[in-house]
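In what follows, a structure is listed as structure tokens, so that the remarks can point back to it.
The values are calculated or read from the model by the stated rules, or taken from the named source; none is laboratory data. Keep in mind that what you see is a predicted model, and the values were worked out from it rather than measured. Positions of Cβ are generated from backbone atoms using ideal geometry, with glycine treated the same way; all protein chains shown enter the neighbour counts.
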Amino acid sequence: HLRPDVVIIGEATKNQLCVGHRGRVEVVATAVGKAAHASQPHLGKNPHYSLAEFLLRLQELSMSERPPFKATVAPTLYFTDQQSANVIPGKAWVHLDWRTVPGETPEVVLKRLREVGPGLRFSIPVEELTSYTGMRTQMKKVRAPYLLNAQHPVVSKIREVLERVLGRKVDVGYWHFVTDAGYFAEQGIPVIGYSPCEEELAHTYQDRVSISLMEEALASYPALVKAIQG
């Protein structure tokens, strides 16, 4: 069983330091109606209207804040149980991407959604993961938020080392997206983000790494390891 003293996450930071991000909870909101032929809609109950009313109310929902973070929620994928365009579906569901602030648990998210859509069903999807060894496990689609104090001794030490190696000021900030850092933070392990990649380019067709930033990182990582080892 390994327990690191410090974790450095190589997610995009443009060679600055990141010490926190929001979490993520994926929720499926389901409206159950009654299927019918579209030529006789009065014989069915159209779930689209229930979801539409819910989404309009969701748009006005006041979101939690914990500086420097504010929670957000965004409807993303939409599905029905029908393939034909001339049939009212019996069920429709939408996936919600809820970005949580520290202290905002999945249970809190579900409670708030049920208040907005009392007639809907809400669930957190479970995905099956397989490791390179073939080990399988199931995990809910939940990623934990984390926030490390910018004045934490580990942050100060790493920042001092980077500024000495790079010969410039190194800023401390936060990611917009979620990373694996939350898993370590939940165990009480200090986590720092540092990488030459650029967050605004991540997962886009322009995703690339600057040669100059890569050269900085190549000089920085060995110095960080030595500093952490003491």
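Quick notes on this structure:
- Test result for GLY188, out of contact with any strand residue (DSSP E or B) (no Cβ under 6 Å at 6 or more places or on another chain) and either over 26 Å from GLU65 (Cα atoms) or basic (Lys, Arg) (or both): no
- Among the residues making up the stretch 81-102, those that are free of Cβ contacts under 8 Å to residues at least 60 places away in the same chain, surrounded by 15 or more Cβ atoms within 10 Å (Cβ to Cβ) and of a type in the set (A, V, I, L, M) are VAL87, ILE88.
- Test: residue in the stretch 35-44 that is crowded, with 17+ Cβ neighbours inside 10 Å, touching a strand residue (DSSP E or B) at 6+ places or on another chain (Cβ under 8 Å), in contact (Cβ under 8 Å) with a residue 40 or more places away in the chain and under 30 Å from VAL172 (Cβ atoms): no
- Across the stretch 66-101, the qualifying residues are those that are part of a strand (DSSP E or B) and hydroxyl-bearing (Ser, Thr, Tyr), and the one among them that is nearest to ARG22 (Cα to Cα) is THR100.
Every residue, every condition in (1) outside the structural domain of SER50 (by TED's automatic domain parsing); (2) among the aliphatic types (A, V, I, L, M), yes or no:
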| site | (1), (2) |
| --- | --- |
| VAL94 | no, yes |
| TRP98 | no, no |
| LEU110 | no, yes |
| LEU113 | no, yes |
| SER123 | no, no |
| MET135 | no, yes |
| MET139 | no, yes |
| ALA150 | yes, yes |
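- Selection within the stretch 1-36 - of a type in the set (A, V, I, L, M, F, W, C), more than 23 Å from the chain's Cα centre (by Cα) and assigned to a loop (DSSP other than H, G, I, E, B): LEU2, ALA35
- Taken over the stretch 20-79, residues that are under 22 Å from SER123 (Cα atoms), of a type in the set (Gly, Ala, Ser) and touching a Leu at 6+ places or on another chain (Cβ under 6 Å) amount to 2.
- Among the candidates SER195, SER212, the residue that is among the hydroxyl-bearing types (Ser, Thr, Tyr), crowded, with 18+ Cβ neighbours inside 10 Å and out of contact with any Pro (no Cβ under 8 Å at 6 or more places or on another chain) is uniquely SER195.
- Matching option when the condition is among the hydrophobic types (A, V, I, L, M, F, W, C), at pLDDT below 95 and under 15 Å from the mean Cα position of the chain (by Cα), among MET139, MET135: MET139
- MET63 vs. criteria surrounded by 12 or more Cβ atoms within 10 Å (Cβ to Cβ), over 14 Å from the mean Cα position of the chain (by Cα), without any contact (Cβ under 8 Å) to a residue 24 or more places away in the chain and under 27 Å from CYS18 (Cβ atoms): yes
- Residue among TYR221, TYR174, TYR146 that is among the aromatic types (Phe, Trp, Tyr) and over 14 Å from VAL19 (Cα atoms): TYR221
- Scan the stretch 73-110 for residues that are within 19 Å of the chain's Cα centre (by Cα) and either within 18 Å of ALA144 (Cα to Cα) or among the β-branched types (Val, Ile, Thr) (or both) and the total you get is 19.
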